[in-house]
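Asks: Shown below is the structure under consideration.
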Amino acid sequence: TSKPIFGSWKKGARDLILPETMQYQIVFCDIDGTLLDSNHCISSGTKQKIQELGSIGIPFILISARMPSAIFSVQHELGIKAPIVCYSGALILDEHGNFIRTLGIEREKAVQIDDFVKKNYRQVCCSTYCNNYWISDNIQDNWIVQSITACVPVEGKIPEFVSQKGQVHKLLCMGEAGEIEDLSHALIKEFSGFSVYRSKDTYLEIMNGAVSKSRAVTCLCNYYGVPIETAVSFGDNFNDLDMLLATGTCFAMGNAPEEVKRQARNITLDNDHEGVLEGLKQLDFAKKHI
């Protein structure tokens with residue numbers, strides 16, 4: 001296994017700049033492809049280190065495109081309590097599940113998008129996430145059945161689960177790569193004010209255009225009253241990049257795309273070789289009175 005690279009590259013040079021000494025006060029960590037290995041497991045060493053941070057008052061914040069129950073289950077496995085960031089920042093909950101911030105798509109606009117997909121891309125599966133609901137009008141759809149998640153969808157239409165003045169936190173379209181690519185262009189052309197991005201070749205996620213992981217990080221740094229310069233983040237993909245660049249220091253996973261690694265300040269090991277643990281070991285954390 002290659003050794004992790006810590007530091008960042010000077011623009012136009014290949015000189016390694018080591019991060020300045022700082023006592024960090026909060027950690028933000030993506031889940032899939034970052035904290036979890038390829039078998040969707042967390043190493044015992046990583047768990048122990050995260051629990052040690054908790055014992056000195058350092059919040060370890062899980063930040064993911066997942067729904068709340070799928071994040072709280074990981075948090076429970078870690079044995080920690082802290083706020084969570086769901087749907088890439090569209091919903092932030094405290095450790096008790098109470099809203100800190102919500103930023104969704106108006107119900108009627110979500111219905112319009114759902115109708116557009118179902119009318120024009122009939123082979124694409126479009127489902128909806130709202131709070132802790134995963135809604136599909138056909139829970140036997142092959143894309144729903146084969147999705148890797150412990151969450152169970154409910155069958156029905158958006159208006160059956162979302163109040164007239166309510167919000168949807170995310171729409172997820174699943175289909176063949178070519179169709180998903182075509183759909184992404186069509187949605188951008190047809191609708192404005194939304195974030196439309198491919199989380200993988202066969203998945204397209206649609207959210208409020210103001211949603212981002214970096215804004216969620218800023219919100220929770222304010223919530224804890226700590227400077228964002230004292231925050232550290234870990235991520236493995238393009239949808240993590242704004243978060244990685246926003247925090248005082250960051251680590252791109254060794255399994256991240258080259259462009260993500262190029263822009264990140266530090267590169268750690270991949271998710272199958274305890275990359276998060278290796279990154280945490282490099283940092284000095286401020287011990288707090290708790």
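The values are calculated or read from the model by the stated rules, or taken from the named source; none is laboratory data. Everything quoted here is computed from the prediction, not taken from an experiment. Neighbour counts run over all protein chains shown; Cβ positions are idealised from the backbone, glycine included. Protein only, heavy atoms only, side chains kept; ligands, DNA and RNA dropped before computing areas. Shrake-Rupley method; radii C 1.70, N 1.55, O 1.52, S 1.80 Å.
Asks: Over 21 Å between Cα atoms, which of Lys157/Lys189; Lys170/Lys200; Lys47/Lys170; Lys213/Lys288; Lys213/Lys287; Lys109/Lys165 qualify? Write down the numbers at each step before the final one.
Replies: Values: Lys157/Lys189 25 Å; Lys170/Lys200 16 Å; Lys47/Lys170 30 Å; Lys213/Lys288 26 Å; Lys213/Lys287 26 Å; Lys109/Lys165 11 Å.
Those over the limit are Lys157/Lys189; Lys47/Lys170; Lys213/Lys288; Lys213/Lys287.
Asks: Compute the distance from the alpha-carbon center of region 184-234 to that of region 44-111, in whole Å.
Replies: The distance from the Cα centre of region 184-234 to that of region 44-111 comes to 15 Å.
Asks: Under a 1.4 Å probe, what is the accessible area of the chain per residue, stated in Å²?
Replies: Numbers: 14020 Å² over 290 residues.
With all protein chains present, the chain gives 48 Å² per residue.
Asks: If we count every other residue with Cβ under 14 angstrom of Ala210's Cβ, Lys/Arg +1 and Asp/Glu -1, where does the sum land? Could the numbers behind the result be given before it?
Replies: Values: positive: Arg101, Lys109, Lys170, Lys213, Arg215; negative: Glu106, Asp242.
Local charge sum for Ala210: +3.
Asks: With a point put 7 Å past each Cα toward its Cβ, work out how far Arg122 is from Ile188 in nm, to one decimal.
Replies: 2.8
Asks: Something else about it: How large is the accessible surface of Arg198 in square angstrom, using a 1.4 angstrom probe and rounding to the nearest 10?
Replies: Here the residue's solvent-accessible area equals roughly 90 Å².
Asks: For the chain, just the Cα atoms, rotate onto the principal axes and tell me the three extents in Å, largest first.
Replies: That works out to 55, 44, 33 Å along the principal axes.
Asks: What is the local net charge at Val260, summed over the other residues whose Cβ is closer than 12 Å to its Cβ (Lys, Arg +1; Asp, Glu -1)?
Replies: Net of charged neighbours comes to -3.
Asks: Once neighbouring chains are kept in place and the probe is 1.4 Å, which whole percent of the accessible area of the chain is contributed by carbon and sulfur?
Replies: On the way: 6670 of 14020 Å².
Carbon plus sulfur share of accessible area: 48 percent.
Asks: Against the longest alpha carbon principal axis of the chain, how many degrees, from 0 to 90 and to the nearest 10, is the axis of helix 177-190 turned?
Replies: Result, in degrees: 80.
Asks: Once the Cα atoms of helix 44-55 and of the chain are each reduced to a long axis, what angle between those two axes, in degrees from 0 to 90 to the nearest 10, is obtained?
Replies: The angle comes out near 80 degrees.
Asks: Arg101: net charge of surrounding residues, Cβ under 14 Å, Lys/Arg +1, Asp/Glu -1, itself excluded? Don't skip to the end; give the middle numbers.
Replies: Values: positive: Lys213, Arg215; negative: Asp94.
After counting each charged neighbour, the total is +1.
Asks: State the extension gain, in nm to one decimal, for the chain segment bounded by Glu229 and Ser44, taking 0.36 nm per residue of separation less the distance between their alpha-carbons.
Replies: Details: separation 185, 0.36 × 185 = 66.60 nm, distance 2.88 nm.
Full extension of this stretch gives 63.7 nm more.
Asks: Ranked highest first by the average count of other Cβ atoms within 10 Å around their residues, in what order do 48-58, 237-247 fall? Display every interim value, and only then the final one.
Replies: Numbers: 48-58: 16.0, 237-247: 21.4.
My ranking of the peptides, most packed first, is 237-247, 48-58.
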